1. Keeping all protein chains in the complex and leaving out DNA, RNA and ligands, what accessible area do you get for ARG208 with a 1.4 Å probe, in Å² to the nearest 10?
2. Within a Cβ distance under 11 Å of ALA127, other residues only, what is the Lys/Arg minus Asp/Glu net charge?
3. Averaged per residue, what accessible surface does the range 277-369 expose to a 1.4 Å probe, in Å²?
4. When the dipole is taken about the Cα centre of the range 260-343, and only Lys, Arg (+1) and Asp, Glu (-1) are charged at their Cβ, what size is it in debye, to the nearest 20?
5. On full extension of the chain, what length is gained from ASN305 through SER241, given 0.36 nm per residue of separation minus the C-alpha to C-alpha distance?
6. What is the distance in Å between the Cα centres of the range 285-364 and the range 118-159?
7. Calculate the spin-label point distance for GLN275 paired with GLU42, positioning each point 7 Å from the Cα along the beta-carbon direction, and give it in nanometres.
8. Using only alpha carbons, build the gyration tensor for the range 127-175 and give me the equivalent ellipsoid semi-axes, biggest first, whole Å.
Amino acid sequence: MRAIILSLSLTNAWAIAIPAAEAQTQTSDTPQIENARLEKKELAGPLAVEVKAWASKAEQPQWLGYAVPQMGRDRTMCCGDYGGSWGNGCGHCRLEDREHGMNMTSKDEAGTTTLEAPRSIAVLYRAENKHLTKIRVVSMECSLDAGGLPFVWLSGVKPAESVELLETFVHATDFDSHDDEHTSRGALTAIAVHSDPAADRALESFTRSGEPESLRKQTAFWLGAAREKAGLAILEKMAKSDPSPEVRAQVTFGLSVSYEQGAVEDMIRMAHDDQSTHVRGQALFWLAHKAGQKVVGAITGAIDNDPDTDVKKKAVFALSQLPKDEGVPKLIEVAQTNHNREVRKQAMFWLGESHDPRALAFFEKILTQ
């Protein structure tokens, strides 16, 4: 990484107060920022040097952000208060309010969208007491309320440099922490939605067997949720080579949230071939959330052919999660014909839970014989 020291100090730069009424007039390369002492500047040197110098001088809370191209033009990373402000596009982000949430949607999930999906994302850093404390990423259409704090907005940031900087935060802290504000998790999310080949290389490096399981598991989710064809290719490698059943189980989840052609086939292969009963069961669970005859065939195939009774029972549960017109007839068939007593009992249980008239008719029939 280059080590050029910037001649300008962020703490000595001119700050401009942006009232809420003027927030709507900002250019498209800047998000709507209000209630902030805003300073805009062009990046003049290495991004890592700039951000770390800014953080080292930040005694009081303050924010820094920049825009980079996003992965997937039909995807939005919406921010809003808990309780729901996502109903009409992205919400209002109170950056200093802990009671916030993030929601990632796409046209494939939402059907139609009222706004054209943004082409950039805002990567946001918070620093306090000379220490970087938070990393967040939101779509550029979100409005940002900085709570009256200083806010530096950088232009001219190269996506590959942004990924390189964020990688240092993924590796610099304990990824096993359950703190929602942990910088490593925010950095990983931000990398995942960068539209740059550097992001794919970084994410693939996080899947190496020497990395913590928690990092590999989180990466598996983002590979499916955000990285499209490149993400699917990496998930396929993880499915075959990762030594941890817990990680491979998470790979099945990553595959389930992927829209790429071939993801379902990979889940079916894992449900059939993985050496771990836990992984096979998880693959069946997530397959149940997919529609189609291939999925039904994979689930019923596991009921008939898997050597482990626990996996068979998980497959029965997977049938119960299918649309009722697909699942209920199959559950009745299993309850009537399967040779394994535990599997038949499981099918009967889930038929009872379905409250479907066909299940009631089936129970009446067997009770009156």
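The values are calculated or read from the model by the stated rules, or taken from the named source; none is laboratory data. If you're wondering where the values come from, they're calculated on a predicted model, not measured in any experiment. All Cβ positions, even for glycine, are placed from backbone atoms using ideal geometry, and neighbour counts span all protein chains on display. Heads up: the accessible areas ignore ligands, DNA and RNA and are worked out on the full protein's heavy atoms, side chains in. Shrake-Rupley method; radii C 1.70, N 1.55, O 1.52, S 1.80 Å.
1. Estimated to the nearest 10 Å², ARG208 gives 150 Å².
2. Numbers: positive: LYS52, LYS57, ARG126, LYS130, LYS134; negative: GLU59, GLU128.
With Lys, Arg at +1 and Asp, Glu at -1, the net is +3.
3. Working: 5010 Å² over 93 residues.
Spelled out: the 1.4 Å probe surface of the range 277-369, per residue, equals 54 Å².
4. The dipole magnitude comes to about 240 debye.
5. Values: separation 64, 0.36 × 64 = 23.04 nm, distance 2.42 nm.
The ASN305-SER241 span can extend by a further 20.6 nm.
6. Each part's Cα centre sits 48 Å from the other's.
7. 5.8
8. Working: eigenvalues 85, 57, 26 Å².
After diagonalising the Cα gyration tensor, the semi-axes are 21, 17, 11 Å.
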